[in-house]
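The values are calculated or read from the model by the stated rules, or taken from the named source; none is laboratory data. Quick caveat, the model's predicted, so the values are computed rather than measured. Cβ placement follows ideal geometry from the backbone for every residue including glycine, while neighbour counts extend to all protein chains displayed. Accessible surface is based on the protein model in full, side chains and every heavy atom, while ligands, DNA and RNA are left aside. Shrake-Rupley method; radii C 1.70, N 1.55, O 1.52, S 1.80 Å.
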Amino acid sequence: MDRSNGYEAVSEEFLARRGSSVWSTGIGVKEVRKWARTLPRGSSVIDLGCGPGFPITVVLVEEGLQVFGVDAAPSFVAAFQRNLPGTPIICESVLESRLFDRTFDSVLSIGLMFLLKAEEQRRLIQRFAAILVPGGRLLFTSTAKPAVWNDAMTGLESASLGAEEYRKLLGAVGISVAKEYEDVGESHYFDAFKGRVE
């Protein structure tokens with residue numbers, strides 16, 4: 001069974017396109033760097049669906065955070081270990097992973113949510129809540145409108161539940177959305193924290 005949502009099969013093409021330091025100005029880099037700079041230096045952050053570590057995870061490392069990675073594609077994990085030696089990573093599905101058996105100050109998940117089936121997305125949101133410390137920060141992407149499409153890389157079906165449903169699901173597990181914004185690639189960011197809005 002492919003736990004990488006089709007990405008292991010296209011890993012060579014993906015790594016050639018997006019998996020190296022050449023892409024340090026890629027889509028999402030500016031948004032993630034801005035978010036990372038709001039986190040206390042040295043705080044822990046887990047990057048779920050981190051891929052090869054470029055162009056996103058490296059931003060967290062550069063900003064002085066204690067970074068952990070999880071990805072289900074063995075080729076991506078091998079590339080991550082080459083790209084970010086010394087940064088802990090495990091090769092597991094985010095839904096089945098033990099996630100280092102700890103909690104984190106922050107969770108990042110860019111370009112992963114919509115690759116999962118609707119029920120799996122709900123489970124992942126529950127996992128966000130379980131591994132975040134009180135007041136912990138969350139940043140993930142999907143699309144603002146509910147939609148179904150075929151992933152550009154794998155051709156497999158992708159689905160967004162839409163911003164309204166994500167806000168509802170997050171609220172049900174005690175996570176509040178503080179801000180929402182979009183990047184030039186039209187990814188919709190949910191910038192949230194574990195706790196209630198005062």
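Laid out as a table, the results:
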| read-out | value |
| --- | --- |
| Å² of accessible area per residue within the chain, as computed with a 1.4 Å probe and no ligands counted | 48 |
| Which of 142, 188, 104, positive extreme of dipole for region 83-198 (C-beta unit charges) | 104 |
| Semi-axis lengths, Å, region 57-198, gyration tensor of Cα atoms, sqrt of 5 times eigenvalues | 23, 20, 15 |
| Sequence-distant residues sharing a close amide H with residue 92 (under 5 Å, placed H) | 71, 72 |
| In Hz, Karplus ³J(HN,Hα) per residue of region 43-58 (6.51, -1.76, 1.60; θ = phi - 60°; x = Gly, Pro) | 6, 8, 9, 10, 9, 8, x, 6, x, x, x, 10, x, 8, 4, 4 |
| Nonlocal amide H pairs with residue 162, under 5 Å, H built at 1.01 Å | 143, 147 |
| Percentage, to the nearest whole number, of Cα pairs in region 66-138 over 20 Å apart | 31 |
| Under-5 Å amide H pairs with residue 54, H placed in peptide plane, nonlocal only | none |
| Net length gained if the chain between residue 145 and residue 167 were fully extended (0.36 nm per residue, minus Cα distance) | 6.7 nm |
| Over the chain: helical MRE at 222 nm, DSSP H runs n ≥ 4 each giving -39500 (n - 2.57), nearest 500 | -8000 deg cm²/dmol |
| Local net charge near residue 132, Cβ-Cβ under 9 Å (Lys/Arg +1, Asp/Glu -1) | +1 |
| From phi via Karplus (6.51, -1.76, 1.60), per-residue ³J(HN,Hα) for region 88-95 in Hz, x at Gly/Pro | x, 8, 10, 9, 8, 5, 4, 7 |
| Rounded to the nearest 20 debye, dipole of the chain from Cβ charges on Lys, Arg, Asp, Glu | 580 |
| Carbon and sulfur %, accessible surface of the chain computed with the full protein complex present, 1.4 Å | 52 |
| Accessible surface ranking that places the most exposed of 145, 179 first, with a 1.4 angstrom probe | 145, 179 |
| Distance (nanometres) between label positions extended 7 Å along Cα→Cβ at residue 90 and residue 37 | 3.3 |
| Residue-wise HN-Hα coupling along region 98-103, computed from phi with Karplus coefficients 6.51, -1.76, 1.60 (Hz; x: Gly, Pro) | 7, 6, 6, 6, 7, 9 |
| Separation between Cα centres of region 142-197 and region 98-118, rounded to whole Å | 13 |
| Accessible surface of residue 196 - all protein chains present, 1.4 Å probe, nearest 10 Å² | 140 |
